[in-house]
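In what follows, a single structure is set out as C-alpha cells and then discussed.
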Amino acid sequence: MKKIYRTFLAITALTLLPACASYHPVPDAFHAGLNQPYRLDSGDRLRVIVFGEDGLTNTYPVDKAGFVSLPLIGEVPARGRTAEQVQTEISQRYADGYLNKPNVTVQIEQYRPFFIMGEVTNGGQYSYVPGMTVQNAVAIAGGFTPRAEQENVDVTRQTRGNVLTGRVVASDPLMPGDTVYVRERWF
C-alpha cells in the first residue's frame, strides 16, 4: 500500500512540474509604466476647456486611430502622448490664426476600460478607476468563481509599444487598457 501511495505522489509531482516550469517572472518593463506619466490611447475621453470660448469647451473621445477631433483645428494626435503634450499642441493650433492667446486645459475625464475574463462571475469590459488593483477588478466583475485560482492572475498590458503578459498577485495595480485573465485552479 505504501508503494502505491509513493508511486501516486511521484506521478502527481511529475504531472504538476510542467505547470511550474511555465511560470516566468514579470519583466521590469511590465511595471515601468506605473511610475511614468499616463499616455493616452483609444477609448480615453478628454475634457478640453478653452477659457472664454464656451463653444469649444467640451468632452472629446480619443478615436480608434488615436486622434482627438476638435472644432476649427481638426484632428490632434493623442495616442502615446500625455494630456499636457496634447494641451500644448491644441493651444498652439488655436493660436495659429483662430484665437488670440488661447488658454487651454486638457484633463482626462474617463480612462479607457480594462477587460477581465476567465474564472470570474461576470467577465467583460469595465470602466477603469485610478488606483485600481487586480482585487478591485475581480470585485467589479462579481468575484471569483468556485474554480478560480485566487493566488495570482495573468495581466496583459501594452508598454512602450510592446504587449507584455505577466503573472501578478491580487494587490498589484492595474492600468487602463489592461486585460486580466483569472485562471482555473488545478484542485
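The values are calculated or read from the model by the stated rules, or taken from the named source; none is laboratory data. Keep in mind it's a predicted model, so treat the numbers as computed, not measured. Virtual Cβ from ideal backbone geometry, glycine too; neighbours counted across all protein chains shown.
Some observations on this one:
- Selection over region 45-62 of residues that are part of a loop (DSSP other than H, G, I, E, B) and either exposed (fewer than 15 other Cβ atoms within 10 Å of the Cβ) or outside the structural domain of residue 99 (by TED's automatic domain parsing) (or both) gives a count of 5.
- Answer from 88, 165, 156, 105 - the residue that is surrounded by fewer than 17 Cβ atoms within 10 Å (Cβ to Cβ), assigned by TED's automatic domain parsing to the domain that holds residue 68 and in a strand (DSSP E or B): 105
- All positions within region 139-187 that are under 10 Å from residue 119 (Cα atoms) and either in contact (Cβ under 8 Å) with a residue 40 or more places away in the chain or charged (D, E, K, R) (or both): 147, 149, 181, 182, 183, 184, 185
- Residue 180 out of contact with any helix residue (DSSP H, G or I) (no Cβ under 6 Å at 6 or more places or on another chain) and either surrounded by 18 or more Cβ atoms within 10 Å (Cβ to Cβ) or at pLDDT below 95 (or both): no
- Near pairs, Cβ below 6 angstrom, 6+ apart or cross-chain, from region 114-137 (farther than 23 Å from residue 34 by Cβ) to any residue that is among the hydroxyl-bearing types (Ser, Thr, Tyr) and not in a loop (DSSP other than H, G, I, E, B): none
- Among residues of region 71-85, those that are of a type in the set (Gly, Ala, Ser) and surrounded by 14 or more Cβ atoms within 10 Å (Cβ to Cβ), counted: 2
- Filtering region 132-172 to residues that are modelled with pLDDT under 90 and among the charged types (D, E, K, R) leaves only 160.
- So residue 39, is it surrounded by 15 or more Cβ atoms within 10 Å (Cβ to Cβ), outside the structural domain of residue 175 (by TED's automatic domain parsing), touching a residue at least 40 places away in the same chain (Cβ under 8 Å) and basic (Lys, Arg): yes
- Some residue of region 119-134 being within 18 Å of residue 55 (Cα to Cα), among the aromatic types (Phe, Trp, Tyr) and part of a loop (DSSP other than H, G, I, E, B): no
- When 133, 145, 105 are checked against the criterion of being of a type in the set (S, T, N, Q) and touching a Pro at 6+ places or on another chain (Cβ under 9 Å), a single residue qualifies: 133.
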